[in-house]
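Heads up, the thing below is written out as structure tokens.
The values are calculated or read from the model by the stated rules, or taken from the named source; none is laboratory data. These figures come from a predicted structure and were not determined experimentally. No Cβ is skipped: glycine too gets one built from the backbone with ideal geometry, and neighbour counts run over all protein chains shown.
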Amino acid sequence: MQHKPAVFAVSDTYQILVPVTYPSLMWVRVGERCYYDHANGVMRSRCKVHHMTVPAAELDEAGAYTICERRIPHRRAYCSKPDPVVETAFPFYPVPQKDPRAYMIADAHNRVAEPVRAAKTFGDFDFLIFNGDVPEYSDTIRSLMTVFMLNDKLTGGTKPLLFTRGNHDLRGKYAEDYAQFAPSDNGRFFYTFRLGSVSGVLLDCGEDKPDDHPEYGGTICCHDFRKAQSAFLQSCVPDTDAQTRLVIVHSPFTTRYEPPFNIEEDLFASWAELLRRNVKPDVMLCGHLHRPGVHPQGSAFDCLGQPCTVVVGGKPANGYYAGAGFTFRADGVDVVFTDSDGKTLLSQTIAKL
């Protein structure tokens, strides 16, 4: 394996993604059951990243999984001869019900060493959040591997991950293939999740300027993509069993931007109303602005009707990075911003409404 497995939470499953640089067959074993990377019964071997989907409850209970791989240098119509199976076992630590901790990395823009140091300043965590623009662009496979490089150093395949796209992820020749390199719900980058006592929705604002902006050269059609998410939010229902409910989205869409970034205000205001009614979130986690901050409802930052307090994390600079850590308690959310210089920049508690 080129990188350690990345275990992403999607709905009530984990999607286990493993990048490779050679043709191989792959499956994962959880307990006595195997889950294969296949396309309609045909095991995949020409992919850059293997995808295996397992029931979350099953992996949580097992507390371990095994990646099984067979290189297949020559795939033939008849009598292919793959190499022997290589098995690699990993422990897995499900998110606890009581006071889980998470660290969020947004806007890393291909940085690895600096976000790792910032996360280690926060200390131990139970799950890791990748909240958009972790690669600089989607123009090279190496850039898309930034998520996996960070996962290698911070979880080693042993803890759950959450993932959303940022606007930079839509740029470059591999942007149309992004679902091959990241978790999705049948190719969609918006879905629900549940990790221990924390649940929520992950959304994707797409690009940050109008679809016809010259910068995109006619390659973007995000308006219809956002309308599909409106329909998704209309079908959501609050997870009343969860202790904490989150919205995770790269762009803080309920603030107001100067032209040409002042897009979709009516649609985003409707998202906020649907979230208030159908998700009832305690906090919304964002990036995009490169200015960490905590923004309560009714502040100057709230222009389109925030459904809850918004936390913006992720500050990249030359040789520097700051991210956000969270502790999700029964009565509130503790937020701390930490940086790659080993400093704590801000600590604040968000009371639940």
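So, in the range 261-301, of the ones that are touching a helix residue (DSSP H, G or I) at 6+ places or on another chain (Cβ under 9 Å) and assigned to a loop (DSSP other than H, G, I, E, B), which residue ends up nearest to residue 330 (Cα to Cα)? Among them, the one singled out is 281. Among the residues of the range 317-353, the ones that are among the β-branched types (Val, Ile, Thr), surrounded by fewer than 16 Cβ atoms within 10 Å (Cβ to Cβ) and in contact with a Ser or Thr (Cβ under 6 Å, 6 or more places away or on another chain) come to 1 in all.
Reported count of residues in the range 309-353, each being touching a Lys or Arg at 6+ places or on another chain (Cβ under 7 Å), closer than 14 Å to residue 245 by Cα and either of a type in the set (Ser, Thr, Tyr) or not assigned by TED's automatic domain parsing to the domain that holds residue 248 (or both), is 1. Across the range 225-242, the number of residues qualifying as touching a Phe, Trp or Tyr at 6+ places or on another chain (Cβ under 7 Å) and either aliphatic (A, V, I, L, M) or assigned to a loop (DSSP other than H, G, I, E, B) (or both) comes to 1. Selection of the range 41-84 for residues being β-branched (Val, Ile, Thr) and surrounded by 12 or more Cβ atoms within 10 Å (Cβ to Cβ) yields 49, 53, 54, 66, 67, 72. Among the criteria (1) surrounded by 12 or more Cβ atoms within 10 Å (Cβ to Cβ); (2) touching a strand residue (DSSP E or B) at 6+ places or on another chain (Cβ under 9 Å), the one residue 261 does not fulfil is (2). The numbered conditions (1) closer than 19 Å to residue 155 by Cβ; (2) assigned to a loop (DSSP other than H, G, I, E, B) are all true for residue 18 except (2). Of the candidates 111, 101, 142, the single residue that is basic (Lys, Arg) and under 26 Å from residue 70 (Cβ atoms) is 142. In the set (1) under 14 Å from the mean Cα position of the chain (by Cα); (2) touching a residue at least 12 places away in the same chain (Cβ under 8 Å), residue 179 fails one condition alone, (2).
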